[in-house]
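The values are calculated or read from the model by the stated rules, or taken from the named source; none is laboratory data. Everything numeric here is computed off the predicted structure, so don't read it as measured data. So basically every Cβ, Gly included, is an ideal-geometry build from the backbone, and we count neighbours across all protein chains shown. Heads up: the accessible areas ignore ligands, DNA and RNA and are worked out on the full protein's heavy atoms, side chains in. Shrake-Rupley method; radii C 1.70, N 1.55, O 1.52, S 1.80 Å.
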Amino acid sequence: MGINDVTGDVRRFKQIREEQQLTQSEFAEALGIKNSTADIERGRTKLSGQVVTELLRIYNVNPLWLYGFSNQKNLNAGKGDVSPKVVTIDKMDNENLVLVNQKAAAGYPHNVQDVEWYQQLPAFDLPLPQYRNATYRGFQIEGDSMLPVFQQEDWVLAKATANMNEANNNKIYVVVLPDSVLVKKLQKLPDPSRILLISLNQEYVPFEVNVSDIQELWQVNSKLTFNLEAPSESNLLRELHRSMEELKNQVSSIKA
């Protein structure tokens, strides 16, 4: 798995410094780098996730532009941009479908712009037309908040959403927040700065989040499951009948 346009990111990094009319030492101080940016500009030191994050935070530099994956140079960070911050490709220049399991999801928000971190995750190319001409990522389900549609350890395959304006009401999304990765049904609110996240399991209460807190947004369009023990219709009817009998007995005991 490789990252596209390695020398290009160095050239674009230097371009940002020159546009800001900063010396290498001044640019290093702004980005929290020791001494100077000389080694980065010579290609001796790789761009770290922290540096890419600071470029976005301070100068609104699009990480995809930095690595040659986008012609859009600047983003308005925290104002609706929820596109992927890193895209990976294989040796044939095909975009990989990266898999983020439950363990990796715990650290995903903190590494959302760290190129080297993504290289440690499993990835594959899915040779189906439905997964072409777009960026997809796989996330593993944790917990029971999305029952009965998604069960513990199921995988969802989701398509990248570039901007909150593209998000659709009542669709299921992977929502990457600063401290968590959630799979929820999304509902827009009259206040465009906030959205409502809804669990399919009605035992969980819906809650609101700030759009500015969403780092990435992925629309779920398929799933991988290894749980094929679905109850038959007769089993469902028996379970329903049993529940009704229990309810009837409870009502009778209250009346008594």
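Shown for segment 72-178: the carbon plus sulfur share of the solvent-accessible area, taken with all protein chains present and a 1.4 angstrom probe, equals 46%.
The residues neighbouring VAL156, those whose beta-carbon lies less than 13 Å from its own, together hold a net charge of +3 under the Lys/Arg +1, Asp/Glu -1 convention. Converting phi to 3J(HN,Hα) with the Karplus coefficients 6.51, -1.76 and 1.60 and the offset θ = phi - 60°, segment 16-26 yields 4, 4, 5, 5, 7, 6, 10, 6, 4, 6, 5 Hz in sequence order, with x at every glycine or proline.
Computed from phi, the 3J(HN,Hα) profile of segment 52-60 under the Karplus parametrisation 6.51, -1.76, 1.60 (θ = phi - 60°) reads 4, 4, 5, 4, 6, 5, 8, 10, 6 Hz, with x in place of Gly and Pro. Accessible-area rank, largest first, for VAL98, VAL181: VAL181, VAL98, with all protein chains present and a 1.4 angstrom probe.
Relative to one another, the C-alpha centroids of segment 129-202 and segment 84-121 are positioned 17 Å apart. In percent, rounded to a whole number, the relative contact order of segment 1-76 is 31, using alpha-carbon pairs under 8 Å and six or more apart. Rounded to the nearest whole Hz, the Karplus-based 3J(HN,Hα) values (6.51 cos²θ - 1.76 cosθ + 1.60, θ = phi - 60°) of segment 217-222 follow the sequence 9, 10, 7, 6, 10, 6, with x at glycine and proline. Put simply, the amide H of THR45, placed in the peptide plane, has neighbours under 5 Å in ILE40, leaving out anything fewer than 5 places away on its chain. With 24 Å as the limit, the listed pairs LYS103/LYS184; LYS14/LYS159; LYS73/LYS184 have LYS14/LYS159; LYS73/LYS184 beyond it between alpha carbons.
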